[in-house]
């Protein structure tokens, strides 16, 4: 059963109060938006404290592209650093990179189209 909210402010407050949720998704203005948090760790071991900072909403496409590029780079680094068979990491990186670039091109096309609509 989906949660319903009377306002965007109410929805954001719900997400901030429930930072255990990994993401919050919102369909608005013809686009999917995604909320996110940045988590930092202060201290070590049993005394470590985790703090979450609300980042708000961003367009799902740009968030996916940023995250996807980081993951591609992480796979490539694993392939270089790991003594195991690295071909698998490189294959994952190659496959993901194709999908990320597809969404990057789509996102850029949307941004250009919006720019010329408002110009």
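Every number here is computed from the coordinates shown, using simple stated rules; none is lab data. Remember, it's a predicted structure, so these values are computed and weren't measured experimentally. Note: ideal-geometry Cβ built from the backbone for every residue, glycine included; neighbour counts use all protein chains shown.
Quick notes on this structure:
- With a cut-off of 14 Å on the backbone N, the residues of the stretch 16-53 near the modelled label site 7 Å out from residue 106 along Cα-Cβ are 31-33.
- Neighbour-count order for 71, 9, fewest beta carbons within 10 angstrom listed first: 9, 71
- Helix-only [θ]222 nm of the chain, DSSP H runs n ≥ 4, -39500 (n - 2.57) each, per residue, nearest 500: -18500 deg cm²/dmol
- The stretch 8-118 - Debye-derived log10 I(q)/I(0), Cα point model, q = 0.09, 0.15, 0.18 Å⁻¹: -0.37, -0.89, -1.04
- Ranking of 89, 50 by count of other Cβ atoms within 10 Å, fewest first: 50, 89
- Taking a ≥ b ≥ c as the square roots of the eigenvalues of the Cα gyration tensor, an a/c ratio of 1.5 or more together with a/b no larger than b/c marks the stretch 28-75 as oblate.
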